[in-house]
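Peer 1: Below is the structure I would like to discuss, written out as C-alpha coordinates.
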Amino acid sequence: MRFCPRDGTLLVPQKKDGATVLKCPKCGYEVKLSEKAKEAYRQRSEVADEKKRGVMVAEEKKMEYDQEEMEELRRQLLENLQESEREAE
(Lines give C-alpha, C1' and ligand atoms only; values in the text may rest on other atoms or scores of the structure.)
Protein backbone atom coordinates (compact mmCIF):
# COMPACT_ATOMS: atom_id res chain seq x y z
CA MET A 1 0.00 0.00 0.00
CA ARG A 2 1.15 3.47 -0.78
CA PHE A 3 -0.11 6.79 0.44
CA CYS A 4 -0.27 10.19 -1.20
CA PRO A 5 2.78 12.31 -0.31
CA ARG A 6 0.62 15.44 -0.47
CA ASP A 7 -2.28 14.57 1.85
CA GLY A 8 -1.71 11.03 3.16
CA THR A 9 -4.73 9.47 1.41
CA LEU A 10 -4.49 5.83 0.30
CA LEU A 11 -3.56 5.63 -3.41
CA VAL A 12 -5.88 3.44 -5.47
CA PRO A 13 -5.00 1.62 -8.71
CA GLN A 14 -6.62 2.89 -11.92
CA LYS A 15 -6.16 2.28 -15.63
CA LYS A 16 -4.83 5.23 -17.60
CA ASP A 17 -3.81 5.02 -21.26
CA GLY A 18 -3.46 1.23 -21.04
CA ALA A 19 -1.17 1.39 -18.01
CA THR A 20 -1.95 1.06 -14.33
CA VAL A 21 -1.30 4.05 -12.09
CA LEU A 22 -1.83 4.71 -8.40
CA LYS A 23 -4.03 7.75 -7.99
CA CYS A 24 -5.06 9.81 -5.00
CA PRO A 25 -8.85 10.15 -5.04
CA LYS A 26 -8.62 13.41 -3.11
CA CYS A 27 -6.04 15.55 -4.88
CA GLY A 28 -5.38 13.61 -8.11
CA TYR A 29 -1.68 12.84 -7.48
CA GLU A 30 -0.56 9.93 -9.70
CA VAL A 31 2.41 7.60 -9.80
CA LYS A 32 3.02 4.84 -12.38
CA LEU A 33 2.76 1.31 -11.01
CA SER A 34 5.47 -1.17 -12.00
CA GLU A 35 4.50 -4.68 -13.17
CA LYS A 36 6.04 -6.23 -10.06
CA ALA A 37 4.18 -3.85 -7.76
CA LYS A 38 0.95 -4.42 -9.73
CA GLU A 39 0.86 -8.07 -8.55
CA ALA A 40 0.66 -6.89 -4.93
CA TYR A 41 -2.56 -4.99 -5.73
CA ARG A 42 -4.38 -7.98 -7.23
CA GLN A 43 -6.99 -9.63 -5.12
CA ARG A 44 -8.76 -12.84 -5.93
CA SER A 45 -11.17 -14.85 -3.84
CA GLU A 46 -13.47 -17.76 -4.47
CA VAL A 47 -16.85 -18.35 -2.91
CA ALA A 48 -17.89 -21.90 -2.09
CA ASP A 49 -21.04 -23.12 -3.82
CA GLU A 50 -22.88 -23.56 -0.52
CA LYS A 51 -22.26 -19.90 0.32
CA LYS A 52 -23.55 -18.56 -2.98
CA ARG A 53 -27.00 -17.07 -2.76
CA GLY A 54 -29.74 -16.58 -5.26
CA VAL A 55 -31.56 -13.36 -5.90
CA MET A 56 -35.11 -12.99 -4.69
CA VAL A 57 -37.49 -10.60 -6.40
CA ALA A 58 -40.45 -9.31 -4.45
CA GLU A 59 -43.45 -7.80 -6.13
CA GLU A 60 -46.19 -5.84 -4.46
CA LYS A 61 -49.61 -7.20 -5.13
CA LYS A 62 -52.59 -4.97 -4.51
CA MET A 63 -55.55 -6.77 -3.11
CA GLU A 64 -58.92 -5.28 -3.78
CA TYR A 65 -61.73 -5.89 -1.32
CA ASP A 66 -65.30 -4.93 -1.71
CA GLN A 67 -67.07 -2.94 1.01
CA GLU A 68 -68.60 -6.01 2.65
CA GLU A 69 -65.22 -7.77 2.97
CA MET A 70 -63.66 -4.65 4.47
CA GLU A 71 -66.40 -4.45 7.11
CA GLU A 72 -65.90 -8.11 8.02
CA LEU A 73 -62.12 -7.57 8.35
CA ARG A 74 -62.73 -4.53 10.60
CA ARG A 75 -65.12 -6.52 12.81
CA GLN A 76 -62.57 -9.33 13.17
CA LEU A 77 -59.84 -6.86 14.03
CA LEU A 78 -61.97 -5.16 16.69
CA GLU A 79 -62.94 -8.52 18.20
CA ASN A 80 -59.29 -9.57 18.37
CA LEU A 81 -58.30 -6.29 20.00
CA GLN A 82 -61.09 -6.56 22.58
CA GLU A 83 -60.07 -10.14 23.41
CA SER A 84 -56.45 -9.06 23.83
CA GLU A 85 -57.47 -6.25 26.19
CA ARG A 86 -59.60 -8.62 28.27
CA GLU A 87 -56.75 -11.12 28.55
CA ALA A 88 -54.33 -8.36 29.59
CA GLU A 89 -56.58 -7.29 32.50
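Peer 1: How large is the dipole of the chain about the Cα centre if only Lys and Arg carry +1 and Asp and Glu carry -1, each at its Cβ, rounded to the nearest 20 debye? Could you put the intermediate results ahead of the total?
Peer 2: Working: 19 positive and 21 negative charges, 424 e Å.
With only Lys, Arg, Asp and Glu charged at Cβ, the dipole is about 2040 debye.
Peer 1: Please give the per residue accessible area of the chain, computed with a probe of 1.4 Å over protein heavy atoms only, in Å².
Peer 2: Details: 8870 Å² over 89 residues.
Using a 1.4 Å probe on heavy atoms only, each residue of the chain averages 100 Å².
Peer 1: Using Cα positions and a limit of under 19 Å, work out the lysines in reach of LYS36, with same-chain residues fewer than 8 apart set aside.
Peer 2: LYS15, LYS16, LYS23
Peer 1: Ok, one more. How high is the relative contact order of the chain, in percent, counting Cα pairs under 8 Å that sit 6 or more residues apart?
Peer 2: Working: 53 pairs, mean separation 11.7, N = 89.
So the answer I get is 13 percent.
Peer 1: Then there's this: Among (i) 75; (ii) 72; (iii) 55, find the value of percent of Cα pairs over 18 Å apart that was calculated from the structure presented, and write down its label.
Peer 2: From the options (i) 75; (ii) 72; (iii) 55, the structure gives (ii).
Peer 1: Grab the DSSP H runs of the chain that are 4 residues or longer, score each as -39,500 (n - 2.57), total them, divide by all residues and round the 222 nm result to the nearest 500 deg cm²/dmol.
Peer 2: Numbers: 2 runs with 28 residues, N = 89.
The per-residue figure over the chain is -10000 deg cm²/dmol.
Peer 1: Continuing with this model, one more query. In the stretch 1-74, what GluC sites (Glu not before Pro) fall in a loop by DSSP, with at most 11 other Cβ atoms inside 10 Å? Mind dumping the intermediate values first?
Peer 2: Working: sites: GLU30, GLU35, GLU39, GLU46, GLU50, GLU59, GLU60, GLU64, GLU68, GLU69, GLU71, GLU72; in loops: GLU46, GLU59, GLU60, GLU64.
Filter output for the stretch 1-74: GLU46, GLU59, GLU60, GLU64.
Peer 1: Further, regarding this structure: At 1.4 Å probe size, with the rest of the protein present, what percent of the exposed accessible area of the chain is carbon and sulfur atoms? Write down the numbers at each step before the final one.
Peer 2: Details: 4270 of 8870 Å².
Of all accessible area on the chain, carbon and sulfur atoms account for 48 percent.
The values are calculated or read from the model by the stated rules, or taken from the named source; none is laboratory data. Given the structure is predicted, the values throughout are model-derived calculations rather than measurements. In this analysis, Cβ positions are derived from the backbone assuming ideal geometry, glycine residues included, and neighbour counts consider all displayed protein chains. SASA here: full protein model, heavy atoms, side chains in, ligands and nucleic acids out. Shrake-Rupley method; radii C 1.70, N 1.55, O 1.52, S 1.80 Å.
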